[in-house]
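Asks: Take this structure, written in structure tokens, and hold onto it; I'll ask about it next.
Computed from the coordinates by the stated procedures, all read-outs in this text should not be read as laboratory data. It should be emphasised that the depicted structure is a prediction, and the values quoted were computed from it without experimental measurement. Here the Cβ positions follow ideal geometry from the backbone for every residue, glycine too, while neighbour counts run over all protein chains shown.
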Amino acid sequence: MISEIFELLRICWTFRHRSWYRRFPFLPLPSKRYLQWRIETAYGSRSLRNLRWHDVAAYARWHRAMRLNQSSPVVKNDIWD
């Protein structure tokens, strides 16, 4: 679980809003529009209520495997449960 959290922080940094340092709360987070688009493409709705930790953790594991060029066993049990 800790490795997923660190990978999610890395993902946030990668997709941070361009001028994150100019806007409160001064955190390098992805733009709200980008997050809504990602959630809508995954779940068919922009609502955060559809977001599940299980899916977020599976994405973090997949992202880490791709970043490290590991042969990702994109753990089918993670995604297709």
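Asks: Over the stretch 2-80, what lengths in whole Å, largest first, do the semi-axes of the equivalent ellipsoid take, defined as the square roots of 5 times the eigenvalues of the alpha-carbon gyration tensor?
Replies: 23, 17, 10
Asks: Note down the relative contact order for the stretch 2-80 as a percent, whole number, built from C-alpha pairs under 8 angstrom at least six residues apart.
Replies: Reported relative contact order: 25 percent.
Asks: Once you put a point 7 Å from the Cα of residue 41 and another 7 Å from the Cα of residue 29, both along the Cβ direction, what distance in nm separates them?
Replies: 2.1 nm
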